[in-house]
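Notes to accompany the following structure.
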Amino acid sequence: MSDLPPEPDRLGDAPHPRETARLFGQDAAEATFLDAWNSARLHHGWLLTGPRGVGKATLAWRIARFLLTDPPLPAPSLDPPAGHPALPRIAALSEPGLMLLRRPWDEKAKRLKQDITVDEVRRLGGFFGLSAGGRRVVLVDAADDLNPSAANAILKLLEEPPKRATLLLVAQKPAGLLPTIRSRCRVLRLGRLDGASLAQAVAQAGGDESGLALADGSVGAALSLGAGGAEIYAQLVALFASRQMDRGAARRMADACAGRQGSDRLQQTLDAIDRLMHRAARAGLLGMPEGADSTESQALARLSPHDVAARAWATLAQQIADRAAHARAVNVDAAAIVWDALAAIDVQARKV
């Protein structure tokens, strides 16, 4: 068993984005960056946005490899030259021209910190000092995790960027970033993957194809669903397939997320809750979503028979996500987080 701390930017047992060989389904975003490079007017700050699990971090690492392996001008693609000496250093996080900012490990508490601290950003002072003269890449994954002081430090860097420096900020919710950070970055928007691209990306990651139907174009969602998330979602749907929520089953679902052993299950359960509410909202507005089986169709038809209910579910989804994020930040018991969400869904279900 490895003594290395967990990586906050890795999804379960899937390959890390820096280890992912190919990026599927994001040709437009790749072409946008390549056009900027070939124009010889490369912007110093890039904000990679889009739903979770569609390849934002994979593209950021692909760009980093491109920039740090002496790309020609013009370049035909973002593919780095095979055998370039920087490639193994990038993979090992030992490349002098690369700095990765992510949630650090708290050695005292033996867990990952909840955000990217300003101390992490301050490491950039030494990084730029030691790497002066060469091309430098700073990769922030995810910018959503920057605390206020860290965000202001990144803003200052974007306002006064060092020469030949490129900042790559990965963000799932860019609206939550400082407006001044957004205004100083060029946006690369990544969309959801089509069916063929999704299947290829999941196969590359060694994932189970059983999660494709519910993944809604997200590789991350498909991998999580194939690794037990689909069963959790089925349990959740069963809770609300009838008018009366089984409180005993709901309590067992919440208790299964408790403790360190339940940490992965907590995220899968919160993902399942978010999925149910968003699919309910979609059902009420647009009709039954793709991939719904008979049990889910029955539950969604009951929960969201019209557009008023659909909008209520969309609102509740955001409220529950915000409450869960705050609760996790202050170390509220995982079982309590899940129980609070299930109780809120039950209250809304009774109003329909």
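Checked against the criterion of being in a loop (DSSP other than H, G, I, E, B), surrounded by 15 or more Cβ atoms within 10 Å (Cβ to Cβ) and polar (S, T, N, Q), the candidates T69, T58 yield just one match: T69.
Of the residues screened, L87 is not one that is within 23 Å of T58 (Cβ to Cβ), under 25 Å from the mean Cα position of the chain (by Cα) and in a loop (DSSP other than H, G, I, E, B). Beta carbons closer than 6 Å, at least 6 apart along the sequence or on distinct chains, pair a first residue in the stretch 328-343 that is crowded, with 16+ Cβ neighbours inside 10 Å with a second that is modelled with pLDDT of 95 or more and part of a loop (DSSP other than H, G, I, E, B) for A334/C257; A335/C257; V338/C257. The residue that is surrounded by the fewest Cβ atoms within 10 Å (Cβ to Cβ), counting only those in the stretch 258-291 that are closer than 22 Å to R311 by Cα and either touching a strand residue (DSSP E or B) at 6+ places or on another chain (Cβ under 6 Å) or of a type in the set (D, E, K, R) (or both), is E290. Taking the stated definitions as given, is V202 touching a Gly at 6+ places or on another chain (Cβ under 8 Å), farther than 30 Å from R302 by Cβ and outside the structural domain of A21 (by TED's automatic domain parsing)? Yes. Answer yes if at least one residue in the stretch 221-243 is in a loop (DSSP other than H, G, I, E, B), basic (K, R) and not assigned by TED's automatic domain parsing to the domain that holds E290, and no otherwise. Taking every residue of the stretch 221-243 in turn, none turns out to be in a loop (DSSP other than H, G, I, E, B), basic (K, R) and not assigned by TED's automatic domain parsing to the domain that holds E290. When residues in the stretch 161-171 are screened for being touching a strand residue (DSSP E or B) at 6+ places or on another chain (Cβ under 8 Å) and either more than 21 Å from R62 (Cα to Cα) or surrounded by fewer than 18 Cβ atoms within 10 Å (Cβ to Cβ) (or both), 3 of them pass.
Within the option set V140, V118, being surrounded by fewer than 18 Cβ atoms within 10 Å (Cβ to Cβ) and either modelled with pLDDT of 95 or more or on the phi > 0 side of the Ramachandran plot (or both) holds for one residue only, V118. Within the stretch 138-155, is there a residue that is assigned to a strand (DSSP E or B), assigned by TED's automatic domain parsing to the domain that holds W37 and over 26 Å from A40 (Cβ atoms)? Within the stretch 138-155, one or more residues are assigned to a strand (DSSP E or B), assigned by TED's automatic domain parsing to the domain that holds W37 and over 26 Å from A40 (Cβ atoms).
Working carefully through the options S224, S218, S197, S183, find the one that is within 28 Å of L23 (Cα to Cα) and either surrounded by fewer than 16 Cβ atoms within 10 Å (Cβ to Cβ) or free of Cβ contacts under 8 Å to residues at least 40 places away in the same chain (or both). Matching residue, one of S224, S218, S197, S183: S183.
Listed here are the residues, each with its yes/no results for (1) touching a Gly at 6+ places or on another chain (Cβ under 9 Å); (2) aliphatic (A, V, I, L, M).
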site	(1), (2)
I63	no, yes
L68	yes, yes
P74	no, no
R102	no, no
E107	no, no
K110	no, no
D115	no, no
R136	yes, no
A153	no, yes
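The values are calculated or read from the model by the stated rules, or taken from the named source; none is laboratory data. Because the structure is a prediction, the values reported are computed rather than measured. Cβ atoms come from the backbone with ideal geometry, glycine included; neighbour counts cover every protein chain shown.
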